[in-house]
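First the structure, in the form of structure tokens, and then the observations on it.
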Amino acid sequence: MPRNRFFSKTYEESRAGFRNQLKEVKKYWPNVRLETYHIGSEEEDNTTDILTADASEEKKDLLIITAGEHGIEGFTGSALLQLFIEEYLPSINPETTGLRLVHAVNPWGMRHFRRVTENNIDLNRNYIKDWEKITGTVNEEFVRKKNVFIPSGPIEDLHKQKEKLYFRLKEAFTTEELASLKDTPSGQYKFKTGVFYGGNEYDEPARELKNRYVNWGKNYDHLVHMDIHSGGGPKDDLSLIFTKADGRSEHTLREELSYDQVMKSPEMYGDSNLFLQKAVQEKYPEKKIFVCLFEFGTIGETRDDFIFCTKTMINENQLYFKGATKKGDIEDVQRDFTKLFYPEREEWQELVIEKGRKGLNAVLASERIQLREVPGASGTFPST
Ligand SMILES: [Zn+2]
């Protein structure tokens with residue numbers, strides 16, 4: 001499968017590689033430690049691993065990178081973490097900078113190559129402030145085609161099913177709606193086996209992360225958080241996506257980051273980055289917090305590409321809950337799902353690294369992260 005050395009085949013391989021980076025980080029942050037917590041039972045051995053290091057002199061900037069909120073997307077996140085540790089850490093000033101590098105926010109999903117958690121929850125729709133208000137609600141697009149979003153039986157004949165779904169989705173939704181079903185679908189809070197389920201309480205990975213997150217902010221003046229995803233936005237490009245909690249316009253962000261592919265995401269119930277950014281802003285109004293989602297695009301943006309995405313989400317969810325009669329169909333669904341969230345294409349994986357450097361450079365420079373003063377060091381981040 002993967003050829004590029006930054007990418008792993010399995011969750012365990014990826015985690016072992018990440019844990020192994022402890023000694024690399026120790027060269028620059030002697031106080032670094034590996035914090036590990038289980039999601040689910042200990043026997044299942046699904047863990048979130050965090051390399052935690054603090055500034056040695058003055059706690060100014062805290063760099064947070066999170067990977068794998070959407071399980072299968074954690075392979076791209078893990079590649080980015082490795083890139084950051086290998087190429088960026090040696091240049092960053094450990095006297096004023098702290099680190100929280102988070103591998104596999106949703107380890108169950110990463111192990112099983114699903115986006116959602118064991119409870120079928122999309123964590124990026126699970127950060128709800130007022131559960132009473134939201135529980136039981138369903139978005140309008142979901143209602144319109146409810147019976148395709150909730151699996152009722154096994155996949156009998158995938159080829160026929162794909163054709164049928166194609167026409168039903170095409171007929172039911174406009175191109176704009178299909179685009180938002182791909183990149184910014186609203187959650188639904190009613191059907192536990194349905195697509196886009198946001199839960200009815202905080203799911204374990206969300207609870208664990210959000211409690212730590214606000215505490216991390218306590219001792220630092222400035223938080224810089226990059227949350228790594230794959231599958232959304234234009235094909236083979238990196239989009240940097242900001243929440244409403246960042247007061248700047250897309251235009252200003254583009255200029256300040258010197259980066260073109262920038263988006264502000266629409267306000268969405270359960271959006272994790274919006275929730276976390278606001279939580280820090282409310283608790284520590286005097287601090288500066290920067291939050292940015294890295295989205296590595298995998299497929300095109302035609303009407304058919306949008307339909308392919310929603311269709312694949314539906315098939316993968318149905319396969320998980322109801323199975324498929326034909327063995328070949330199982331592999332076919334898994335192939336489509338990987339194409340969407342973790343492409344095996346070597347050139348795609350190379351692009352992630354290349355564009356990843358551009359994104360990291362843009363963020364670290366615009367947030368003025370301090371470089372270490374080493375005699376003879378170039379004093380810059382890797383050139384792109
Ligand atoms: Zn994602």
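We did not get these values from a lab; they are worked out from the coordinates using the rules stated. From a predicted model like this one, the values you see are computed outputs, not experimental measurements. Because the Cβ atoms are built from the backbone with ideal geometry, glycine has one as well, and the counts that use them run over all protein chains shown.
Put simply, the amide H of GLU344, placed in the peptide plane, has no neighbours under 5 Å, leaving out anything fewer than 5 places away on its chain. Taking amide H positions as modeled 1.01 Å from N, with prolines and chain starts lacking one, the residues under 5 Å from ASP227 and 5 or more places away or on another chain are THR66, CYS292, LEU293, PHE294. With the convex hull drawn over the C-alpha atoms of segment 130-284, the volume per residue is 152 Å³.
Computed from phi, the 3J(HN,Hα) profile of segment 221-226 under the Karplus parametrisation 6.51, -1.76, 1.60 (θ = phi - 60°) reads 7, 9, 10, 10, 10, 10 Hz, with x in place of Gly and Pro. For segment 18-170, the antiparallel share of DSSP beta bridges with both residues in that region comes to about 65%. Reported value for the chain: 136 Å³ per residue, from the convex hull of its C-alpha atoms.
Using only the C-alpha atoms, the convex hull of segment 188-247 corresponds to 148 Å³ per residue.
Calculated [222 nm] ellipticity per residue, helices only, for the chain: -12000 deg cm²/dmol; basis is -39500 (n - 2.57) per DSSP H run with n ≥ 4, divided by all residues, nearest 500.
Label positions at ARG372 and LYS146, each projected 7 Å from the Cα along the C-beta direction, are separated by 5.9 nm. Bridge orientation summary for the chain: considering DSSP beta bridges with both residues in this region, about 40 percent are antiparallel. DSSP beta bridges confined to segment 214-351 are antiparallel in about 25 percent of cases. Using the Cβ-Cβ distance between LYS164 and ASN119 with R0 set to 35 Å, the FRET efficiency from 1/(1 + (r/R0)^6) comes to roughly 0.75. For the peptides 329-336, 243-250, residues were scored by their other Cβ atoms within 10 Å and the scores averaged per peptide; the highest-first order is 329-336, 243-250. Near THR175, once Lys and Arg are set to +1 and Asp and Glu to -1 for all other residues with Cβ below 11 Å from its Cβ, the sum equals -2.
R0 = 56 Å: FRET efficiency of THR302 with GLU35, Cβ-based, nearest 0.05? Once the sixth-power term is evaluated, E becomes 0.80.
From the Cα gyration tensor of segment 104-144, with a ≥ b ≥ c the square roots of its eigenvalues, which class applies: rounded if a/c is under 1.5, or else prolate if a/b is larger than b/c, or else oblate? Oblate is the answer for segment 104-144, as a/c is 1.5 or above yet b/c matches or exceeds a/b.
Which one of LEU165, LEU123, HIS112 is farthest out on the positive end of the charge dipole of segment 112-176, using unit charges on Cβ (Lys, Arg +1; Asp, Glu -1) and the Cα centre as origin? Of the candidates, LEU165 comes out farthest on the positive side. In this rough spin-label picture, where each label sits 7 Å from Cα along the Cβ direction, the LEU22-GLU156 distance is 5.4 nm. Maximal additional length on extending the THR193-GLU171 stretch stands at 5.5 nm, based on 0.36 nm per residue less the C-alpha distance.
Considering only alpha-carbon pairs that sit under 8 angstrom and 6 or more positions apart, the relative contact order computed for the chain is 21 percent. The Rg/Rh ratio for segment 225-351 is 1.06, where Rg is the radius of gyration of the alpha carbons and Rh is the Kirkwood radius. Just to confirm a number: summing +1 for Lys and Arg and -1 for Asp and Glu over residues other than ASN317 whose beta-carbon lies under 13 angstrom from that of ASN317, what do you get? Surrounding charge for ASN317 is +2.
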